[in-house]
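Data block below; observations after.
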């Protein structure tokens, strides 16, 4: 158990502006990770190994991308008991993201709205942080999530993804292609049939070159949105299989506000995460499983706030599960609660 219960620190953090609390937390974890003071949040990793996409996951609970965009806190989050951690989204060049304020809490719904917009320090700084981390050497798996710069025209997006893939490939256990953030203009258009096929075709060509050059095959995953109908999910599934993509992550945040109507900040622009996206995410996971068949790797993410939620995500068809907003509302205890629920 962590030395300081999260219930004691959450009121202080929730009394701050959401992005200020986020940055303060990351700065503290970055400063204290790999020191004796890591005991403030450290807990043992639940042992529940599973093999997926040729990778041995130490357990079935991971940290979703977006919380640690620059990969500054990999070891600190690893100390919370995650079996795998995904950091990013990183873009080739650093960018400030969208204007502030751009993160909003909806406590009544255990939810967040963010419109950060891939704010990050760029590929070089990201890789330097990743190389400093010891999480992989301690048995954890590390996913690196890539995207495009806001100033790159959508018709040139593939160039940014190729730069990202080339840069992160030597340092990743798997690479995630993020085409589903709602906060970069036109990004979700890459989920359409022809655009996705063209993007994945080019990425697979480059990946085969990297495999030949480095003698190591790194799985590639694609992260998709929850705001898709069954026909769209079917097209994406077919395109993933056609291009021999190793797995899929479902889902990103939602644009829907049906579950939070009338609540404070509900009309803010951005992606909604947390409990309100749970059912939509599970629906997409189930549709993907039906379309892709047994054995195709699916990482489920969206609205996991308890061990029971993690089991429901698995029952919908996910092999392993990621959390993000649940960690903000529940703290590190959720990691082991969810990992135990899936193991038991």
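Of note:
- Of all DSSP bridge pairs formed entirely within the chain, close to 35 percent run antiparallel.
- FRET efficiency, residue 138 to residue 257 (Cβ-Cβ, R0 56 Å, nearest 0.05): 0.85
- Gyration tensor verdict on region 179-274 (Cα atoms; rounded if a/c is under 1.5, prolate if a/b is larger than b/c, oblate otherwise): prolate
- Taking 1.002 mPa s as the viscosity and 20 °C as the temperature, the Stokes-Einstein diffusion coefficient of the chain based on its alpha-carbon Kirkwood radius rounds to 108 µm²/s.
- Most tightly packed first, judged by the mean number of other beta-carbon atoms within 10 Å of their residues, the peptides 213-222, 162-171, 332-341 read 332-341, 162-171, 213-222.
- Candidates 18, 318, 231: whichever shows maximal mean-square fluctuation once the chain is modelled as a Gaussian network with Cα springs under 10 Å: 231
- Across region 6-343, Cα pairs under 8 Å and at least six residues apart give a relative contact order of 17 percent.
- Antiparallel bridge percentage (DSSP; both residues within region 67-153; nearest 5): 55
- Among 301-309, 86-94, the peptide with the highest mean count of other Cβ atoms within 10 Å heads the list, and the full ranking is 86-94, 301-309.
- Cα shape, region 8-88, gyration tensor, a/c 1.5 rule: prolate
- Sum of -39500 (n - 2.57) over DSSP H runs of 4+, divided by residues of the chain (222 nm, nearest 500): -11500 deg cm²/dmol
- Packing-based exposure ordering (other Cβ within 10 Å, fewest first) of 47, 159, 227: 47, 159, 227
- Beta bridges per DSSP with both ends in region 77-230, % antiparallel, nearest 5: 30
- Extension gain, residue 10-residue 290: 0.36 nm per intervening residue step, less the Cα-Cα distance, totals 96.9 nm.
- Shape analysis of region 61-205 places it in the oblate category; the axes a ≥ b ≥ c from the Cα gyration tensor give an a/c of at least 1.5, with a/b not above b/c.
Taken together, the values in this text are just the output of simple stated rules run on the coordinates, not laboratory data. Since the model is a prediction, treat every value here as computed from it, not as a measurement. Neighbour counts run over all protein chains shown; Cβ positions are idealised from the backbone, glycine included.
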